[in-house]
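Asker: Before I ask anything, let me first share the structure, which is written out below as structure tokens.
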Amino acid sequence: MSAIESRGYSQPDVLVSSDWVAAHLDDPNVRLVESNEDPLVYPSGHIAGAVEVDWTRDLNDQLRRDYLDKDGFEALARRIGITSETTVVFYGDKNNWWACYAFWVFQLFGHDNAKVMDGGRLKWHREGRDFVRDQPSYAATTYKAPARDDSSIRAFRDQVLVHAEKQLPLVDVRSPEEYSGERLHMPDFPNEGALRGGHIPGAKSVPWARAINPEDGSFLSASELRAIYQDEQGLDPSDNVVAYCRIGERSSHTWFVLTYLLGFENVRNYDGSWTEWGNLVGAPIEK
Amino acid sequence: MGYPPKLAELVETLELLSRMERIDYLISVADRFQEVPDNIARRPYGEEHKVPACESEAYMWAEKQSDQTLKLYFAVENPQGISAKAMAVILDENLSGEPAEHLAMVSGDMVYDIFGRELSMGKSMGLMGMVSMVTGSAKKLHAMIAEATS
């Protein structure tokens, strides 16, 4: 039994170890995808053969506040040289925060042959493994994606309003300062700021990084995660849960943890998150 | 824009670069990063030197020079804090030795002028925090100079 399998996750196959990645660097059926917050990180060095998927340029519609559509996803898939059969392994900086965000967007298009490298860049670095600066290029592929399916893992404003009214579980994964409303945003950030601070009424505060071992960026074991989300917060795997943060990136990490590592059956990511809710006229807020 | 001359020149140069050229340039800048020397600071670094909101755990020291300017030093504890290292080098190379009153007026917008607009809020906050640490030190020095000469 591998170290990952021994941690008791609901779907251990969704995680791969750095050893596994090192053994599949030349596997044509595996594509490594690095997604980071810092735009300088990938060009400064990445795992050999990895391509970059940038959250602003590649995953978002460049005009409307929305994710890329079917055509955009197919174009992205062609660019990074994957087919629907390719095993896509995501990893990145910030304890795989942005990797999980990219993973989540790929699930909107049903690319379920996807995994996350446990520990991301931090663990790879701590293990003394190599990073390279050569940027690979792959032959363009033909990828036929289904229409984006927002119905099962994405939550929208009106749905969240009803969810909150029904007092169904909400998980606010932002920092305690953001949850309490003490911190709104920095000046000069009109795109990501909010007019009101606080949290959606009834939301539980579980900062996303609590799911991570800070030493190497790996995920906590299932029992440690259960202690946080189930024993401490009272969530149940059968609950209908909505997770949110500021723009839906950190909460995609928590969505990943609840769905794949703890086996929650119905978790949605509210990507409108606080930048929408905190600006929404009349929306209920708690501090 | 109100940048001191060297910084203004750098910003003008960066405006001419493509996104990839800018990234390559910034990575080459980050490669020049040198940590604060032992004669200025040693670990554990004081919290008063920690850059607010910087997730790369950057620290800043501003040493007053005999010509009444500041020499800037930085530490970046996150080995993957490439942008923070690039910013540290740019702040040191372009603002150390400039008059304190000029440093005090540098706007946090320089983050966008250097890195472009494709930055997350978290990343921008950390880099702006580095600028604000520098301007804060410059304001203190400028106030001391003004008081001494009044």
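The values are calculated or read from the model by the stated rules, or taken from the named source; none is laboratory data. Computed from a predicted structure; not experimentally measured. Methodologically, a virtual Cβ is constructed for each residue, glycine included, from the backbone with ideal geometry; neighbour enumeration extends over all protein chains shown. Protein only, heavy atoms only, side chains kept; ligands, DNA and RNA dropped before computing areas. Shrake-Rupley method; radii C 1.70, N 1.55, O 1.52, S 1.80 Å.
Asker: Which order do A:H24, A:H253 take by accessible area at a 1.4 Å probe, largest first? Walk me through the intermediate numbers first.
Answerer: Working: A:H24 50, A:H253 0 Å².
Correct descending sequence by accessible area is A:H24, A:H253.
Asker: With all protein chains present and a 1.4 Å probe, how do A:K144, B:K139 order by accessible area, largest first?
Answerer: Solvent-accessible surface, decreasing: A:K144, B:K139.
Asker: Next up: What residues does the stretch B:78-102 have that are buried by at least 50 Å² of accessible area in the full protein assembly compared to the chain on its own, 1.4 angstrom probe?
Answerer: Buried-area filter returns B:Q80, B:I82.
Asker: Quick one: if the Förster radius is 41 Å, what FRET efficiency do A:D130 and A:F156 give, using the C-beta to C-beta distance and rounding to 0.05?
Answerer: Given R0 = 41 Å and the Cβ-Cβ separation, E is 0.45.
Asker: Give me a comma-separated list of calculated 3J(HN,Hα) values for the stretch B:137-150, in order, Karplus coefficients 6.51, -1.76, 1.60 applied at θ = phi - 60°, integers in Hz, x for any Gly or Pro.
Answerer: So the J values, rounded to whole Hz, are 5, 5, 5, 4, 5, 4, 5, 5, 5, 5, 5, 5, 9, 8.
Asker: From largest to smallest, what semi-axes in whole angstrom does chain A give when each is the square root of 5 times an eigenvalue of its alpha carbon gyration tensor? Don't jump to the answer; show the numbers that get you there.
Answerer: On the way: eigenvalues 180, 95, 65 Å².
Here the semi-axes work out to 30, 22, 18 Å.
Asker: Using just the helices of chain A, give the 222 nm mean residue ellipticity in deg cm²/dmol: DSSP H runs with n ≥ 4 each add -39,500 (n - 2.57), and the total is spread over all residues, rounded to 500.
Answerer: Details: 10 runs with 74 residues, N = 287.
So the helix-based figure for chain A works out to -6500 deg cm²/dmol.
Asker: Using amide H atoms built in the peptide plane, which far-off residues or other-chain residues are under 5 Å from A:V89 H to H?
Answerer: Here A:R31, A:L32, A:V33, A:K115 satisfy the definition.
Asker: Which three semi-axes in whole Å describe the equivalent ellipsoid of the stretch A:154-277, each the square root of 5 times a Cα gyration tensor eigenvalue, listed largest first? Show your work: numbers first, answer last.
Answerer: Working: eigenvalues 106, 62, 29 Å².
For the stretch A:154-277, the semi-axes come out at 23, 18, 12 Å.
Asker: Something else about it: Which of the lysines could a cross-linker bridge to A:K204, judged by Cα under 20 Å and excluding same-chain residues fewer than eight apart?
Answerer: Cα-Cα hits under 20 Å: A:K166, A:K287.
Asker: Let me ask something additional. Whole-Hz ³J(HN,Hα) for each residue in the stretch A:249-265, computed from phi via Karplus 6.51 cos²θ - 1.76 cosθ + 1.60 with θ = phi - 60°, x for glycine and proline: what do you get?
Answerer: Values per residue, Gly and Pro as x: 7, 5, 6, 5, 5, 5, 4, 4, 4, 5, 6, 9, 8, 10, x, 5, 8 Hz.
Asker: Report the full-extension gain for the segment B:E101 to B:E47: residue separation times 0.36 nm, less the Cα-Cα distance, to one decimal in nm.
Answerer: Working: separation 54, 0.36 × 54 = 19.44 nm, distance 2.54 nm.
Contour length minus the Cα-Cα distance gives 16.9 nm.
Asker: Compute for the stretch A:15-80: radius of gyration divided by Kirkwood radius, i.e. Rg/Rh, restricted to C-alpha atoms, rounded to two decimals. Intermediate values should be presented prior to the final figure.
Answerer: Details: Rg = 13.6 Å, Rh = 13.4 Å.
Computed over Cα atoms, the ratio is 1.02.
Asker: Take the alpha carbon atoms of the stretch A:1-130, find their radius of gyration, then divide it by 2.2 N^0.38 Å using N residues; give the quotient.
Answerer: On the way: Rg = 14.3 Å, N = 130, 2.2 N^0.38 = 14.0 Å.
Against the compact-globule rule of thumb, the ratio is 1.02.
Asker: Hey, for a label at A:K70 modelled as a point 7 Å past Cα toward Cβ, could you say which residues of the stretch A:107-148 have their backbone N under 15 Å away?
Answerer: In the stretch A:107-148, the label zone of A:K70 (backbone N under 15 Å from the point 7 Å along Cα→Cβ) covers A:108-111, A:143-148.
Asker: Excluding same-chain residues fewer than 8 positions from B:K139, which lysines have a Cα within less than 20 Å of its Cα?
Answerer: Within the straight-line limit of under 20 Å, B:K139 reaches these lysines: B:K6, B:K50, B:K64, B:K71.
Asker: For B:K123, give me every one of the aspartates and glutamates with a C-alpha distance below 15 angstrom, ignoring sequence neighbours fewer than eight places off in its own chain.
Answerer: Here the aspartates and glutamates satisfying the reach criterion relative to B:K123 are A:E37, A:D38, A:D54, A:D93, A:D188, A:E192, A:E249, B:E55, B:E57, B:D109, B:D113.
Asker: Which three extents, in whole angstrom, do the alpha-carbon atoms of the stretch B:5-149 cover along their principal axes, largest first?
Answerer: 47, 34, 25
Asker: While we're on this one: Based on alpha-carbon centroids, what's the gap between the stretch B:49-75 and the stretch B:91-134 in Å, whole number please?
Answerer: 12
Asker: Show me, for the stretch A:108-118, the HN-Hα J-couplings you get by feeding each phi into the Karplus relation (A = 6.51, B = -1.76, C = 1.60, θ = phi - 60°), rounded to Hz, glycine and proline as x.
Answerer: 4, 10, x, 7, 7, 7, 9, 9, 10, 7, 4
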